[in-house]
Ligand code: 13P
Ligand code: SF4
């Protein structure tokens, strides 16, 4: 019975009421569009700040006041004074910005379709059910940690159960916080980040997986008998990378170095030279000596930005043409940016992300715990 309810309640696009791009904005010439964006930004002045994730396309990144990883963007949102925070990113990032900013600030996500599939892989309803099953099997204290790539209701759930949020740059600190407070961790939704973090803390032996879609993959007593329970979610952009890509590269280009994101599979992280968040990937290339070669194991737009930003370094996408762009991030189209800015000039706010008040307060607790670790 419960499964049927999940099927109707689960949805990829959480904010399906957001507005579509009007036809007049669908086919703008790039030069004209750039001029219109710049003119709107000049007129709006300090009323607007644009935050751009490292995976955004060039035409968004070049208009952003700040470009960075998820953790840096949440810090920038917390410090923003502008009335309007325009988020070049995906839904869960804009939700977090709405939670962190003041009530009189609006967070605008230009396109409604920028939804991270991984965030949709652990819905609060499913997690509630799993929590009931696992906690019934043990008296140990389980601390839930959700990756930033999750929706506000799951962040609220984690806060309620004494847990917190983390990003790829502080997952190890979140685990340490959790093991100081409790006995076990339930990590959601990215199993690869969870596994890579467990290895970093020498706790790989403690891992058990929980697959909410497979009746065979949900053994509550096995979960309760281990210290790190990993929800079976993943990012398809990062699962694309294989250890063989690194082996092939090392054979063809023994001079090349490899940096990958911790959402990659364990064997890929093990074979790489450096692993870290998108800002660590940027810093690695920034700090490289001229003439060095770095292969980038993450979303393709970031590899292209790094190639443009650092002509003195040879930047290669780790799996060549097979490297993926993030379909969710790509939805933030510069035509949408033009539209939401020009609508603000007319006094109209489009595609505002507003987290439900009952989720907001608790989700903020989970985010604040992260910002404090
Ligand atoms: P970062 O926190 O490293 O920017 O990563 C966010 C993300 O969605 C990676 O897929
Ligand atoms: Fe989500 Fe993967 Fe895109 Fe990151 S790269 S936003 S995890 S789909």
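No lab work stands behind these numbers, since they all come straight from the coordinates. Every value quoted in this text rests on a predicted model; they were computed, and no experiment measured them. Heads up, the Cβs are rebuilt from the backbone with ideal geometry, glycines too, and the neighbour counts pull from every protein chain shown.
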The range 261-372: translational diffusion in µm²/s, Stokes-Einstein, Kirkwood Rh over Cα pairs, 4 °C, 1.567 mPa s: 75
Where only C-alpha atoms are counted, convex hull volume of the range 229-327 per residue in Å³: 98
Fraction of antiparallel bridges per DSSP, the chain only, in percent to nearest 5: 5
Pairwise centroid distance, computed over Cα atoms, of the range 81-114 with the range 289-361, Å: 15
Footprinting exposure proxy for 304, 173, 155 (fewest neighbouring C-beta atoms within 10 Å first): 173, 304, 155
20 Å-binned pair-distance histogram of the chain (Cα, whole percent): 29, 57, 14, 0
Pairwise label distance in nanometres, residue 247 with residue 103, each label 7 Å out on the Cα-Cβ vector: 5.9
Longest to shortest principal axis, alpha-carbon extents of the range 239-286, angstrom: 28, 23, 15
Highest-MSF residue in the chain out of 29, 227, 219 [GNM, Cα springs under 10 Å]: 29
Whole-number percent relative contact order across the chain, with pairs defined as alpha carbons under 8 Å at least 6 apart: 22
Residue-span extension gain [residue 38 to residue 280] - 0.36 nm each, minus C-alpha spacing: 84.1 nm
Theoretical FRET efficiency, 1/(1+(r/R0)^6), r = Cβ-Cβ of residue 26 and residue 222, R0 35 Å, to 0.05: 0.10
Mean Cα-pair separation over length for the range 214-373, i.e. relative contact order, pairs under 8 Å, 6 or more apart, %: 17
Per-pair calculated FRET efficiency, R0 = 25 Å: residue 203 and residue 325 via Cβ, rounded to 0.05: 0.15
Choice from 248, 321, 307 showing the highest fluctuation, given a GNM over the chain with Cα pairs closer than 10 Å: 321
Helical contribution to [θ] at 222 nm, DSSP H n ≥ 4, -39,500 (n - 2.57), averaged over the chain, rounded to 500: -12500 deg cm²/dmol
Sequence of 34, 101, 298 once ranked by neighbouring C-beta atoms within 10 Å, starting from the fewest: 34, 101, 298
Intensity falloff of the range 39-153 expressed as log10 I(q)/I(0), Debye formula with alpha-carbon point scatterers, at q = 0.12, 0.18 Å⁻¹: -0.50, -0.90
